[in-house]
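The values are calculated or read from the model by the stated rules, or taken from the named source; none is laboratory data. Being a predicted model, the structure only gives us computed values, none of them experimental. Backbone-built Cβ (ideal geometry, glycine too); neighbour counts: all protein chains shown. Remember, those area values only see protein heavy atoms, side chains included, never the ligands or the DNA or RNA. Shrake-Rupley method; radii C 1.70, N 1.55, O 1.52, S 1.80 Å.
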Amino acid sequence: MQTQWWHDAVIYQIYPRSFADSNGDGIGDLAGITARLDDLVELGIDALWVSPFFRSPQRDAGYDVADYCDVDPIFGTLADADALIEGAHDRGIRVIVDLVPNHSSSDHPWFQEALIAAPGSAARARYIFRDGRGEDGALPPNNWQSIFGGPMWTRVIEADGQPGQWYLHIFDSSQPDFDWTNPEVRSLFLDVLRFWLDRGVDGFRVDVAHGLIKEPGLPDVIEPDTISLGAGTATLEPEISAPSSVPYWGQDEVHEIYREWRELLDGYPGNRILVAEAWVDPLSRLADWVRPDEMHQAFNFAYLETPWAARPLAEIIDSSLATFTSVGAPSTWVLSNHDVVRHATRLALSFDNPQGHGIGPATPNLPDQSAALRRARAATALMLALPGSAYLYQGEELGLPEAIHLPDHARQDPTWFRTNGERYGRDGCRVPLPWSMGSRTYGFSPGDNSWLPQPDHWGTFARDEQRNDTDSTLTLYRRLLSLRKELQLGTGRLQWLDYPRDDVLVFRNGRAVVVVNTGREPIRLPESEVLVASSAFEDWMLRGDSTVWLRA
Ligand code: NOJ
Ligand code: CA
């Protein structure tokens, strides 16, 4: 099989609100990204995935789209999007945009039309409107609970001024779910795909790719328990983890939609790709999303959720490679994104923290940050040695921790509001990046503010501070990425080597031997050429929570 660019690409996620602000309003924008492309070339990534920048009232930070074919004024214009795509391409970097097909914003003209239309009308049939249960339909149509907290249904006021039907929203009430059995919805999204493909994007990250189809009849969810995946890891709840009993996740009919999209993409030159954000469980089911005529890649959240421990890591690596290889797809690897606690904090948590719950000032037993960073650097050095394609989240190359002490009044995640502050949500991983020590916003904005406040110690992580520091996390990432390319680890083959300790992993990938110490006790290394090490070591002793690549 010929190697395609996406088989081994390192793809860097940009969360545009928080990357770089060009005009001083405190919110990152497209021109800010374009101006910083050379920093990404220096880092050594292959592609960008840019989180949504489309027209949106921003009630879920842009994952609530009011116009899929326009840029929101806070991020710039279509011309700015063109300039970003062109600037990236000129530098050999591909650009993947975020497609949000499960739901629109409640500001979308179709939903506005549906609200004033009558029950049973064609306008309502583009979304999921139903009559309520109980007397006068005063109860929601079923027991489904929103991922952001509270019921998954909101009741509307009809033209006669009386409470009427309910509409479904897996997420916030400002994010009504489309009815994907409706051909008008299918055709809208084929047009959206064409619009961005014609503008030159290299692919789409597909939001909630497991949620588009709901089980007919919308039956109640049975047994909403929590599945714990063990200490020190985020946990999935059944609502998120998609066991087949959950009637809104992972329904077989979603695959037809992706086959149709794949056909459309294949008609374009240049190997454009589809990437599934699909929280499906078990991992083996994820293979269905990346069969040869469906998507190209799927995020490996099972890997992200694996605790920092040698045996579980070896198991998930083996099962990921087996799962994806079984359908001819590359495995992917990811440790952080805009929805989870940053791995420079998360991997050292000693308690379960379900995805999306977040941590904050009142969370007990927070880990020591410098120890946590050492572990995160080791975890990244392991991930970037694996064959397949890897995703990085902006700021992890700076070793950014989760911002834990955000004041309540600054929080913006709908999760925080829908749970009345019971869950902190995801703001802590979305704080704007520090670029330089100098200014009030650490170089993020030419103005004085950032949309989420940056912690006081943010300047110590600034890119310009780290650039020439040989021990910095930025220098480590650059070294890992350049060696990964030089040694072609992304297209390599992993071979485990024996080591007589349960908390140590040793494997060979091509010309590199990788040693990962997830334990506390140091280990003695064979004296050989060190290619890169995640923490300093002396006398051939590798400390705990460290990874080293040796020349094979
Ligand atoms: C997944 C996205 O990553 C998340 O940020 C968003 O809130 C939900 N989907 C809803 O679109
Ligand atoms: Ca701005």
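For the structure I just gave you, tell me whether F54 is over 18 Å from L99 (Cβ atoms), among the aromatic types (F, W, Y) and either within 16 Å of ligand 1 (Cβ to nearest atom) or surrounded by fewer than 18 Cβ atoms within 10 Å (Cβ to Cβ) (or both).
In short, no.
Find the residue count for the range 325-339, including only residues that are away from ligand 1 (no atom under 16 Å from the Cβ) and crowded, with 22+ Cβ neighbours inside 10 Å.
First, pick out the residues of the range 325-339 that are away from ligand 1 (no atom under 16 Å from the Cβ): 325-331, 333.
The next check asks that each one be crowded, with 22+ Cβ neighbours inside 10 Å; those that pass are 329-331, 333.
Counting residues in the range 325-339 that are away from ligand 1 (no atom under 16 Å from the Cβ) and crowded, with 22+ Cβ neighbours inside 10 Å gives 4.
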Subject >> Which listed residue, of A322, A298, is at pLDDT 95 or above and more than 16 Å from ligand 1 (Cβ to nearest atom) >> reply: A322
Original post:
Restricting attention to the range 76-96, does a residue exist that is within 16 Å of the chain's Cα centre (by Cα) and open to solvent by less than 10 Å² (accessible area, probe 1.4 Å)?
Top reply: yes
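Kindly provide the set of residues from the range 304-319 that are touching a residue at least 60 places away in the same chain (Cβ under 8 Å) and closer than 13 Å to L283 by Cα, ordered by number.
Those that are touching a residue at least 60 places away in the same chain (Cβ under 8 Å) and closer than 13 Å to L283 by Cα: L304, E305, T306, I317.
Listed here are the residues, each with its yes/no results for (1) closer than 30 Å to P330 by Cβ; (2) of a type in the set (K, R); (3) outside any helix (DSSP H, G or I); (4) modelled with pLDDT under 95.
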{"residue": "V431", "(1), (2), (3), (4)": "no, no, yes, no"}
{"residue": "G438", "(1), (2), (3), (4)": "no, no, yes, yes"}
{"residue": "D448", "(1), (2), (3), (4)": "no, no, yes, no"}
{"residue": "Q454", "(1), (2), (3), (4)": "no, no, yes, no"}
{"residue": "W458", "(1), (2), (3), (4)": "no, no, no, no"}
{"residue": "D471", "(1), (2), (3), (4)": "no, no, yes, no"}
{"residue": "L481", "(1), (2), (3), (4)": "yes, no, no, no"}
{"residue": "R484", "(1), (2), (3), (4)": "yes, yes, no, no"}
{"residue": "F507", "(1), (2), (3), (4)": "yes, no, yes, no"}
Original post:
Would you say D67 is over 29 Å from W249 (Cα atoms) and either surrounded by fewer than 18 Cβ atoms within 10 Å (Cβ to Cβ) or more than 16 Å from ligand 2 (Cβ to nearest atom) (or both)?
Top reply: no
Original post:
When residues of the range 155-182 are filtered for being within 27 Å of the chain's Cα centre (by Cα) and more than 16 Å from L212 (Cα to Cα), how many remain?
Top reply: 2
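Among what's in the range 112-136 and is open to solvent by less than 40 Å² (accessible area, probe 1.4 Å) and touching a Lys or Arg at 6+ places or on another chain (Cβ under 8 Å), pick the residue that is farthest from G358 (Cα to Cα).
Among those that are open to solvent by less than 40 Å² (accessible area, probe 1.4 Å) and touching a Lys or Arg at 6+ places or on another chain (Cβ under 8 Å), it is A117.
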Original post:
From the list R426, R374, R418, which one is in contact with a Phe, Trp or Tyr (Cβ under 6 Å, 6 or more places away or on another chain) and open to solvent by 10 Å² or more (accessible area, probe 1.4 Å)?
Top reply: R418
**OP:** Take the residues in the range 27-60 that are out of contact with any Asp or Glu (no Cβ under 8 Å at 6 or more places or on another chain) and within 16 Å of ligand 2 (Cβ to nearest atom), then tell me which one is nearest to R430 (Cα to Cα).
**Re:** I33
**OP:** Spot the failing condition for Y442; the list is (1) within 16 Å of ligand 2 (Cβ to nearest atom); (2) open to solvent by 40 Å² or more (accessible area, probe 1.4 Å); (3) not hydrophobic (A, V, I, L, M, F, W, C), and only one is missed.
**Re:** (2)
